[in-house]
Amino acid sequence: MHDLATCTVSGCAYLQLHGDWRGIDLPFLDLSRDVLDKQLCSSCGVCGLACPQNLIEFDGLVPKLREPSLASRCADCTDCVKACPGARPDTLIAEERLFGRGRRLDERWIGIRAKVLGGRARERKVFEASASGGSATAVLRAAKRHLGLDSVLVMGREPQRGWRTAPALCEDVDDLVNYAQSSYQIAPYLGVLRREMESPTPRMVAVVGLACHIQGIRKLQSLESRAGEWARTNIRLLVELGCSSGTTPRGTESLIEEILEESVDDVALVRYRSGDYPGQIAVDMKDGRRLYVPFWRAVKQFATNKTHRCLSCGDWMSGLADVSVSDGDPNIFAASVEAGDDPDAAKHGRIFVRTPLGQSIIDAAVELGELEVWNIELEGLNLGLERKRNRRASYEQGSLPLPEGPIPGAREPWQGLDDEVFLDPQTAGRRLLKVSGSAG
């Protein structure tokens, strides 16, 4: 039962059209009440993919019904609510299905894994185009051939607004290099897979994504629905990127307008980790100019343009992908402030192999000459992960609604640190790593 004091704009529009709200129990209103109204939407887009009648679209970062009157067509379908990872990622349920157990406390932020490797792309153009060595791109290139994939879901840019991220279905293995860089901006992502799902011929897909995207796919795969069956059969591989938190489009917009003092209307393309490691924000203007913002300065700018869901997120990695990849360098903020002597040596990834399928793809990538790997010990700290742990701990001290963490009931120790102290260019986060406490 819903009351008018807490319903969303979409829900209220339905009620205005139909008059009597008593007895209404419509799934999209549940999604509005339990996720949207609590600012727990991760903008992953899985609700739009899960909806059997394709009733959901996105207004910027927020899902809504295509028409308020369509709420009556939800009937007793709850697929959008069941697939949503915003409030309940259901990590433990997925882990028990994938691994036969949930994670231990010492696996809290890293997840269950078979092994951890160092890695980088062997092909020079992939290595140079990448943010941290091209491990994820090399894996996807190998998977495209090894699994006979039709497409790979990656994050690209809007055609007319090159500063805004947008999902892209990449079909050409050689084109994957154009998506090799990180994209520090959130956008509705998974919904574009509906094109593949509705194809008259079966289409095999790999998805590269962040924790919320992987969680959404795993929840979708558990559904007894057409979309769930399609996801179980046709999404053949999940590759995950470590995420300290995303930023809204306003973060990139403010960087262009306030730091570069340019208009976003004059921007052709933005790349986030371009040039010598660890890269800079490269902004290509329509008049041919290329402007740069140091990575460390962009990180500080982005810090003020994040959603509550991203800031309070309890996952650096979901731990539910076949393969996860993070920067091998544990402190790219410091590397941006003080360039090292050998940027190529610092530019590599950490590869977390989680499933037998993930191991088979790593083996294929090595055999095909796409990927170089070596054994590493998982030790040391990661500044991005420490920032995330610290933020999560601070939110756990308050009363705001939070997305569930991967271990039921587990809480982070709170050290009373403001996130800003991690981003002091004078210390570049080094002092903070000495007082923090988890491997990354």
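The values are calculated or read from the model by the stated rules, or taken from the named source; none is laboratory data. Here the structure is a predicted model, which is why all the values come from computation and not from measurement. Because the Cβ atoms are built from the backbone with ideal geometry, glycine has one as well, and the counts that use them run over all protein chains shown. The protein model used for the area step is the full one, side chains on, heavy atoms only, and it has no ligands, DNA or RNA in it. Shrake-Rupley method; radii C 1.70, N 1.55, O 1.52, S 1.80 Å.
Using the Cβ-Cβ distance between Leu92 and Ala268 with R0 set to 41 Å, the FRET efficiency from 1/(1 + (r/R0)^6) comes to roughly 0.35. If you plug the beta carbon distance of Asp344 and Glu67 into 1/(1 + (r/R0)^6) with R0 = 41 Å, you get a FRET efficiency near 0.15. For Lys82, the aspartates and glutamates whose Cα comes closer than 16 Å to its Cα, not counting residues fewer than 8 places off in the same chain, are Asp25, Asp30, Asp34, Asp90, Glu224, Glu229, Glu404. Each label was represented as a point 7 Å from its Cα along the Cα-to-Cβ direction; for His308 and Asp424 these points are 3.1 nm apart.
Residues in the range 345-359 carry Karplus couplings, in order, of 5, 6, 7, 7, x, 9, 10, 9, 8, 10, 10, x, 4, x, 5 Hz; the curve used is 6.51 cos²θ - 1.76 cosθ + 1.60 with θ = phi - 60°, and Gly or Pro positions show x.
For the range 370-416, a simple Cβ point-charge model (Lys and Arg +1, Asp and Glu -1, everything else neutral) yields a dipole of about 420 debye relative to the Cα centre. In a DSSP loop and with at most 11 other Cβ atoms within 10 Å, the GluC sites (Glu not before Pro) in the range 212-270 are Glu224, Glu261.
Applying the Kirkwood pairwise sum to the alpha-carbon positions of the range 96-140 produces a hydrodynamic radius of 12.7 angstrom. If you run the Gaussian network model on the chain, springs between alpha carbon atoms under 10 Å, then out of Leu241, Leu260, Leu117 the most flexible one is Leu260. Here the Gaussian network model covers the chain, with springs between Cα atoms less than 10 Å apart; of Ile376, Ile407, Ile110, Ile376 fluctuates the most. Dipole magnitude for the range 21-111: computed about the Cα centre from +1 point charges on Lys and Arg Cβ and -1 point charges on Asp and Glu Cβ, it is near 140 debye.
Taken along the Cα-to-beta-carbon direction at a fixed 7 Å, the label points for Arg290 and Glu261 span 2.4 nm. Convex hull volume of the C-alpha atoms in the range 192-298, normalised per residue: 152 Å³. Centre-to-centre separation between the Cα atoms of the range 95-141 and those of the range 231-309: 22 Å. Treating each Cα of the range 253-308 as an identical point scatterer and ignoring solvent, apply the Debye formula and state log10 I(q)/I(0) at q = 0.22 Å⁻¹. Calculated log10 I(q)/I(0) at the listed q: -0.83. The calculated 222 nm mean residue ellipticity attributable to helices in the chain amounts to -8000 deg cm²/dmol, summing -39500 (n - 2.57) over DSSP H runs of n ≥ 4 and dividing by all residues.
Where the alpha-carbon atoms of the chain are placed on the principal axes, they occupy 70, 52, 45 Å, in descending order. One quarter of the convex hull surface built on the alpha carbon atoms of the range 248-392 amounts to 10.9 nm², the projected area averaged over directions.
For Val208, the residues 5 or more places off, or on other chains, whose built amide H falls under 5 Å of its own are Leu153, Val239.
Each label point was placed 7 Å from the Cα along the Cα-to-Cβ direction; for Lys125 and Trp414 their separation is 5.2 nm.
What the phi angles of the range 204-218 give under the Karplus curve with 6.51, -1.76 and 1.60, with θ = phi - 60°, is a coupling list of 9, 10, 10, 10, 9, x, 8, 3, 5, 5, 5, 4, x, 5, 5 Hz, glycine and proline written as x. Protein heavy-atom surface of the range 315-406, 1.4 angstrom probe: 48% of the accessible area is carbon and sulfur, with nucleic acids and ligands not counted. Considering only Pro249, Pro188, Pro356, the Gaussian network model of the chain with Cα springs below 10 Å gives its largest mean-square fluctuation to Pro356. Across the range 82-89, rounded Karplus estimates of 3J(HN,Hα) from the backbone phi angles (6.51 cos²θ - 1.76 cosθ + 1.60, θ = phi - 60°) give 5, 7, 5, x, x, 9, 10, x Hz, Gly and Pro being marked x. Size of the range 89-231 from its Cα atoms: along the principal axes, largest to smallest, the extents are 41, 40, 31 Å.
Magnitude of the charge dipole for the chain, about its Cα centre and with charges confined to Cβ atoms of Lys, Arg (+1) and Asp, Glu (-1), is about 640 debye. The residue list Gly148, Pro425, Phe295 was ranked by how far each Cα lies along the charge dipole of the chain toward its positive end, using unit charges on Cβ atoms, and Gly148 comes out on top. Computed with a 1.4 Å probe over protein heavy atoms only, the accessible surface of the chain comes to 42 Å² per residue. The antiparallel fraction among DSSP beta bridges confined to the range 138-264 stands at about 45%.
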